[in-house]
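What follows is one structure encoded as structure tokens, with my remarks underneath.
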Amino acid sequence: MTICQARMIGKMPGSSPKMITYGHYSIPREQGTVEAELRKGTAFRSRLRKDLSSIQNRIRRWLDLYFPEFQSVYKGLGKQACAILKDTPLPVDFLNVSPVEMTQAHREAGHTYLPQKKVEQLMHHAEHSIGIQEGSEMARMEISMLINQLESMDYCMRIKLLKLSMTIISLAERIL
């Protein structure tokens with residue numbers, strides 16, 4: 001629609017109904033305090049989830065670069081995967097240790113359970129890894145930072161989403 005046509009719509013009889021049906025015109029509705037709180041709460045919740053998924057995507061990108069075979073053993077970024085990535089993030093780290101030593105080291109570090117079968121699978125994949133070998137120290141620092149961000153964000157999200165959900169429920173009950 002050109003500018004000239006848009007000007008003509010305003011002058012044509014019956015243009016207001018046409019504008020409304022085409023979605024070019026609406027009357028703003030005043031929101032009460034409850035509706036405003038709900039809108040801001042849901043926006044805040046979606047922003048938190050977007051931040052968490054951003055961190056998870058950065059970790060997946062790191063894994064694609066340095067240890068792409070890791071995702072064939074661990075599909076998600078759960079506690080076990082994060083524990084392994086904290087201690088032994090690169091394929092080179094798996095080559096000098098036996099599976100029994102690695103599971104023992106993880107238990108001593110306070111991680112609850114690390115299946116030896118998965119450690120053996122990771123070691124097998126690490127021997128034939130196609131990941132980047134250069135810049136290993138900076139890669140270790142980067143994944144350590146990302147895992148720490150993920151864990152702190154996950155913890156904060158659980159607490160804040162619980163509080164936020166309770167608040168949204170109580171506000172929604174007030175409306176109904």
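Do the conditions hold for R107, that is, is it farther than 13 Å from G131 by Cβ, outside any loop (DSSP other than H, G, I, E, B), touching a residue at least 24 places away in the same chain (Cβ under 8 Å) and among the basic types (K, R)? Taking the combined requirement at face value, the residue does not satisfy it. In the stretch 103-137, of all residues being surrounded by 12 or more Cβ atoms within 10 Å (Cβ to Cβ) and either in contact with a Lys or Arg (Cβ under 8 Å, 6 or more places away or on another chain) or of a type in the set (V, I, T) (or both), the one that is modelled with the lowest pLDDT corresponds to H111. Of all residue pairs spaced 6 or more apart or on separate chains, those with beta-carbon atoms under 9 Å, a first member in the stretch 124-143 that is within 10 Å of P91 (Cα to Cα) and touching a residue at least 40 places away in the same chain (Cβ under 8 Å) and a second member that is assigned to a loop (DSSP other than H, G, I, E, B) and of a type in the set (S, T, Y) are A126/T88. For the stretch 64-85, the candidate set comprises residues that are among the charged types (D, E, K, R) and touching a His at 6+ places or on another chain (Cβ under 9 Å); within that set, the residue that is surrounded by the fewest Cβ atoms within 10 Å (Cβ to Cβ) is K79.
The residues of the stretch 90-102 that are in a helix (DSSP H, G or I) and either surrounded by 14 or more Cβ atoms within 10 Å (Cβ to Cβ) or among the hydroxyl-bearing types (S, T, Y) (or both), listed by number, are P91, V92, D93, F94, P99, M102.
Suppose the filter is in contact with a helix residue (DSSP H, G or I) (Cβ under 7 Å, 6 or more places away or on another chain), closer than 24 Å to S54 by Cβ and in a loop (DSSP other than H, G, I, E, B); does G131 pass it? Considered against the rule, which asks whether it is in contact with a helix residue (DSSP H, G or I) (Cβ under 7 Å, 6 or more places away or on another chain), closer than 24 Å to S54 by Cβ and in a loop (DSSP other than H, G, I, E, B), G131 comes out as yes. Listed conditions (1) in a loop (DSSP other than H, G, I, E, B); (2) in contact (Cβ under 8 Å) with a residue 24 or more places away in the chain are all met by Q80, apart from (1).
Is there a residue being assigned to a loop (DSSP other than H, G, I, E, B), exposed (fewer than 12 other Cβ atoms within 10 Å of the Cβ) and either modelled with pLDDT under 80 or not aromatic (F, W, Y) (or both) anywhere in the stretch 149-158? No; the residues of the stretch 149-158 include none that is assigned to a loop (DSSP other than H, G, I, E, B), exposed (fewer than 12 other Cβ atoms within 10 Å of the Cβ) and either modelled with pLDDT under 80 or not aromatic (F, W, Y) (or both).
Within the stretch 53-80, which residues are within 15 Å of A126 (Cα to Cα) and not β-branched (V, I, T)? Those that are within 15 Å of A126 (Cα to Cα) and not β-branched (V, I, T): L63, D64, L65, Y66, F67, P68, E69, F70, Q71, S72, Y74. Only residues that are modelled with pLDDT under 80, of a type outside the set (V, I, T) and surrounded by 10 or more Cβ atoms within 10 Å (Cβ to Cβ) were counted across the stretch 161-176, and they come to 6.
The values are calculated or read from the model by the stated rules, or taken from the named source; none is laboratory data. Remember, predicted model here, so these are calculated numbers, not experimental data. Note: ideal-geometry Cβ built from the backbone for every residue, glycine included; neighbour counts use all protein chains shown.
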